[in-house]
1. Would you mind finding the one in 209, 164 that is in contact with a helix residue (DSSP H, G or I) (Cβ under 9 Å, 6 or more places away or on another chain), closer than 22 Å to residue 119 by Cβ and either assigned to a loop (DSSP other than H, G, I, E, B) or at pLDDT 95 or above (or both)?
2. Residues of the range 113-153 being part of a helix (DSSP H, G or I) and either more than 24 Å from residue 294 (Cβ to Cβ) or without any contact (Cβ under 8 Å) to a residue 60 or more places away in the chain (or both), which ones?
3. Go through the range 262-303 residue by residue and tally those that are within 21 Å of residue 203 (Cβ to Cβ) and within 17 Å of the chain's Cα centre (by Cα).
4. Does residue 237 meet the test of being in contact with a helix residue (DSSP H, G or I) (Cβ under 6 Å, 6 or more places away or on another chain) and either farther than 22 Å from residue 296 by Cβ or part of a helix (DSSP H, G or I) (or both)?
5. Would you please name the residue that is farthest from residue 301 (Cα to Cα), looking only at residues in the range 11-33 that are crowded, with 22+ Cβ neighbours inside 10 Å and modelled with pLDDT of 95 or more?
6. Does residue 110 meet the test of being surrounded by fewer than 24 Cβ atoms within 10 Å (Cβ to Cβ) and in a strand (DSSP E or B)?
7. Checking residue 220 against (1) over 20 Å from residue 284 (Cα atoms); (2) surrounded by 18 or more Cβ atoms within 10 Å (Cβ to Cβ), only one condition comes out false. Which one?
8. Of everything in the range 44-72 that's part of a helix (DSSP H, G or I) and touching a strand residue (DSSP E or B) at 6+ places or on another chain (Cβ under 8 Å), which residue is farthest from residue 262 (Cα to Cα)?
């Protein structure tokens, strides 16, 4: 892997670093909003005391901490592969460009020694999975690797009940920041409880440290609700999601193509409101993730 010198120095010195994915750049938003959002997220991480490390694969080389120029190119370039764990060796061996999903970013964060990773929403169990077996690799990577993921819950297009069941089966500790329910991406809550509610970044950091101290396998998932002023109502968004899912079924869209299709269609059907909510929730997650990474680094340093 190619590790940005700033990131490498911070890791060597035990300073806080936050991993960031690149799928949101190449597959999540149109240009130039994707690049603007990526740079805003990086700035938010810095403003809250940590070093950002945006992940991606360029010409077959995994990059930990892309430069602004590389992020700009990612935002413009067409045909970038969407990379999960299964795709990783193919994209590297064939020297292609690849945008890391949650699962691939977790892998790269673990390889680099980064504890905290910030994303928008994780993948999970798709609706009708009892027939299709469509379950995101994100959940299994969370169960396997020692990385803490800060998100606004699972993507709203998913089955939250089944997603939480799989997380429990994988031994993933699920926490929520100040709210008793698991966040629901565009909406603030799903009505589903979590394992523990924490009230400060330091408390979250202490839970992470306890899991690492006892060498317990797997990750921690932190649910951080979208800010109230940026949230969409269930009444508004649920009907639109149902319509987008129906269109995907009618067109036979499946597998890793379904999430980009649904998110794009939801943006169109909401008149852009879902995109604005998405941007705000990612920035909100970046602030919390950086604060937790900072507290975690401090706890380790005090050791």
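The values are calculated or read from the model by the stated rules, or taken from the named source; none is laboratory data. For clarity, every value in this text was computed on a predicted model and none was experimentally measured. Counting neighbours? That spans all protein chains shown, and the Cβs are built from the backbone with ideal geometry, glycine included.
1. Result of the check over 209, 164: 209.
2. Residues satisfying the conditions are 129, 130, 131, 132, 137, 138, 139, 140, 141, 143, 144.
3. Qualifying residue count, the range 262-303: 10.
4. Criteria not met by residue 237.
5. 22
6. Criteria not met by residue 110.
7. So residue 220 meets the others, but not (1).
8. Per the criteria, the residue is 46.
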